[in-house]
Each structure stands twice: as structure tokens, then as C-alpha cells.
1. Of ASN227, ASN234, ASN203, which residue is among the polar types (S, T, N, Q) and under 18 Å from HIS141 (Cβ atoms)?
2. Taking SER253 as meeting all but one of (1) under 15 Å from LYS7 (Cα atoms); (2) crowded, with 16+ Cβ neighbours inside 10 Å, write down the number of the exception.
3. How many residues are out of contact with any Ser or Thr (no Cβ under 8 Å at 6 or more places or on another chain), of a type outside the set (Lys, Arg), more than 30 Å from ASN169 (Cβ to Cβ) and not in a helix (DSSP H, G or I) if we restrict to the range 192-215?
4. Hey, can you tell me all the residues within the range 140-176 that are buried (at least 18 other Cβ atoms within 10 Å of the Cβ), in contact (Cβ under 8 Å) with a residue 60 or more places away in the chain and more than 23 Å from ALA114 (Cβ to Cβ)?
5. In the range 212-233, is there at least one residue being in contact (Cβ under 8 Å) with a residue 24 or more places away in the chain, surrounded by 13 or more Cβ atoms within 10 Å (Cβ to Cβ), of a type in the set (Val, Ile, Thr) and in contact with a Phe, Trp or Tyr (Cβ under 9 Å, 6 or more places away or on another chain)?
6. So which of ARG260, ARG270 ends up being in a helix (DSSP H, G or I) and under 20 Å from the mean Cα position of the chain (by Cα)?
7. Has the range 259-267 got at least one residue that is out of contact with any strand residue (DSSP E or B) (no Cβ under 7 Å at 6 or more places or on another chain), touching a residue at least 60 places away in the same chain (Cβ under 8 Å), surrounded by fewer than 19 Cβ atoms within 10 Å (Cβ to Cβ) and of a type in the set (A, V, I, L, M)?
8. Might you check whether a residue that is within 19 Å of LEU173 (Cα to Cα), part of a helix (DSSP H, G or I), touching a helix residue (DSSP H, G or I) at 6+ places or on another chain (Cβ under 7 Å) and not aromatic (Phe, Trp, Tyr) occurs anywhere in the range 236-247?
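The values are calculated or read from the model by the stated rules, or taken from the named source; none is laboratory data. What you see is a predicted model, and the numbers here were worked out from it, not measured in a lab. Here Cβ is always computed from backbone atoms with ideal geometry, including for glycine, and neighbour counts include all displayed protein chains.
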Amino acid sequence: MIKGLTKAGLGKLESDEQYITYAARYGFGAVDLNPLSFLQTYGIGQAQHLLESNQVIIGSADFPVEWRSDDEQFREGLPNLVAMAEASATLNVDKCCTYILPSTDQPAATFMAAATKRLRLCADILDAYGIRLGLEFVGCHHLRTQWKNPFLWRVEDTLDWIDTIHAPNVGLLVDSYHWHTDGMEMNELLKLKQEQVVHVHINDAYDLPIEELKDGERLYPGEGIINLTGFLKNLQAIGYTDVVAQEVLAPASELGVETRFAKSKAGFDRVFASL
């Protein structure tokens with residue numbers, strides 16, 4: 001597996017150059033970022049050099065389309081999706097991910113019908129560039145009632161929806177925190193098929209009842225109670241060998257950027273030690 005990072009939990013980064021060079025310095029082989037803005041900032045030559053000289057790949061691209069709102073907002077984002085896909089293909093990025101909120105102010109059936117059409121169209125666009133789309137189920141209990149109507153938060157329901165979207169390049173983004181807050185056992189990962197998993201996020205949780213765990217109050221890997229080594233071993237067992245990206249959504253901290261990278265490395269070292 002490739003140790004990776006998202007920008008969540010790393011503090012205020014000066015640039016993508018700092019992000020990539022620090023990732024390499026602390027033993028990470030992948031970063032999730034926006035390939036389009038990366039290319040626009042550095043140009044093709046320098047962008048490729050930054051990645052290649054640091055032996056870092058882009059694990060997953062940002063998803064630039066607002067598919068949860070109305071048709072007008074969705075259509076406005078489609079040119080950005082095409083531009084993002086083109087930039088991703090230029091940099092050999094083959095994954096793009098978005099999350100599914102577990103409740104909505106819209107009637108759930110109406111929302112699902114519209115969202116299915118929208119995500120199928122997005123998947124078709126991405127597929128033309130050889131890019132897979134990962135859908136992240138969100139397990140946090142407080143978000144299930146944040147909006148008027150419940151939607152999806154279980155992995156089984158998300159897989160059923162992926163079948164309904166019926167695009168060959170759509171699969172799961174599996175996040176250890178959401179797996180935990182869904183009350184899932186680690187051995188249940190073994191029910192997944194390798195091809196169903198597009199991307200993986202890793203983070204940890206406080207020792208609290210899962211109903212009390214908040215989305216924005218996560219811990220660095222190895223600092224909490226989630227069996228992350230078991231999480232990774234079971235992903236390995238189904239054949240997943242791709243990027244495992246840290247995503248630590250947490251309250252503001254006074255820690256400096258380099259200290260955060262060091263904490264991230266220490267966490268990964270603990271979790272990966274027994275693999």
C-alpha cells in the first residue's frame with residue numbers, strides 16, 4: 001500500500017510545492033490535491049518535475065461539481081469537471097472522489113433520482129479520461145439528522161446505489177472513521193471486492209460511544225481506538241494495494257506544519273508496523 005496524505009490535518013500549507021516536498025521528506029508516496037490548480041500554478045514541466053523528483057504521485061483528484069444542489073449549479077460545474085479530468089490525465093491521476101451526506105433537505109427519493117443521473121453523467125465524463133469515481137459514505141450519527149430527510153450512510157446501501165448508477169468506473173471511498181461510526185466490524189471489510197474500492201482514507205477516533213463521535217473531531221492514525229492495523233490487513237486481504245490517505249478533520253490547533261507532518265509519519269509508522 002502507498003502511504004498518502006490529504007491536506008486535512010496538516011495546517012496552513014504555503015503551497016503545493018511545500019505539500020509535496022514535506023510529504024516526501026516524511027515518507028509519504030502520495031498526496032490528494034487539485035490537479036487543475038496545480039498545473040495552472042506550476043505548468044506541466046514543473047508540476048511533473050515536482051512529483052517525479054520527490055517520488056510522489058497524486059492519489060486522488062478533487063471533485064469540482066456540486067451535484068447535491070439544483071440542476072443549474074450542477075451544469076455550471078461540468079466544464080470544471082472536464083478541465084479537472086484533462087489535468088488529471090496529464091498527471092496520470094486515475095481517481096476522483098466525492099462524499100455522500102447522510103441526510104438532505106430535499107425529499108430523499110427526488111434527490112436520489114436527480115443525483116443518480118448527475119453522478120452517472122460525471123462518471124461517463126471521467127471514464128473517457130480513464131478516471132474512476134469514488135463515493136464516500138458518511139457514518140457520523142449527528143449528520144444523519146443535520147438536514148430534514150435521512151439518505152444513505154451504510155456501505156450496503158451505497159453499493160446498491162452504485163449498482164443503480166450503473167457505471168463501470170464507480171466504486172467506494174472507504175474511510176476508517178465512517179466505517180467505525182457505522183458500527184462495522186473490521187472483518188466485514190472482507191466482504192468487499194477489490195474492484196469495489198477506489199480510494200481509502202485513514203484516521204482515528206476518540207474512545208467514545210460511536211453515536212457521540214463528530215465528523216470534525218478526528219485523531220491522527222494510531223492515536224485512538226480504531227483497529228487500523230486490522231483495517232489495513234483486511235484491505236490487503238481483498239487485494240487493495242493502492243493509496244491509503246490520511247484525512248484528519250479536527251478543530252484548529254497551534255501545531256506548526258512540520259510538526260503535523262511528523263505526527264502523521266509517527267501515526268502511519270505505528271499502524272503499518274505490524275503489516
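1. Working: ASN227 fails: under 18 Å from HIS141 (Cβ atoms); ASN234 fails: under 18 Å from HIS141 (Cβ atoms).
Testing whether each residue is among the polar types (S, T, N, Q) and under 18 Å from HIS141 (Cβ atoms) leaves just ASN203.
2. Among (1) under 15 Å from LYS7 (Cα atoms); (2) crowded, with 16+ Cβ neighbours inside 10 Å, SER253 violates only (2).
3. 4
4. CYS140, HIS141, VAL174, ASP175
5. Looking for residues that are in contact (Cβ under 8 Å) with a residue 24 or more places away in the chain, surrounded by 13 or more Cβ atoms within 10 Å (Cβ to Cβ), of a type in the set (Val, Ile, Thr) and in contact with a Phe, Trp or Tyr (Cβ under 9 Å, 6 or more places away or on another chain), one finds at least one in the range 212-233, hence yes.
6. Going through ARG260, ARG270 in turn, just one is in a helix (DSSP H, G or I) and under 20 Å from the mean Cα position of the chain (by Cα): ARG260.
7. Scanning the range 259-267 turns up at least one residue that is out of contact with any strand residue (DSSP E or B) (no Cβ under 7 Å at 6 or more places or on another chain), touching a residue at least 60 places away in the same chain (Cβ under 8 Å), surrounded by fewer than 19 Cβ atoms within 10 Å (Cβ to Cβ) and of a type in the set (A, V, I, L, M).
8. If we filter the range 236-247 for residues that are within 19 Å of LEU173 (Cα to Cα), which is where we start, we get 236-247.
Right, trim to part of a helix (DSSP H, G or I) and you get 236-237.
Filter once more, keeping what is touching a helix residue (DSSP H, G or I) at 6+ places or on another chain (Cβ under 7 Å): 237.
Keeping just the survivors that are not aromatic (Phe, Trp, Tyr) gives 237.
Yes - at least one qualifying residue is present in the range 236-247.
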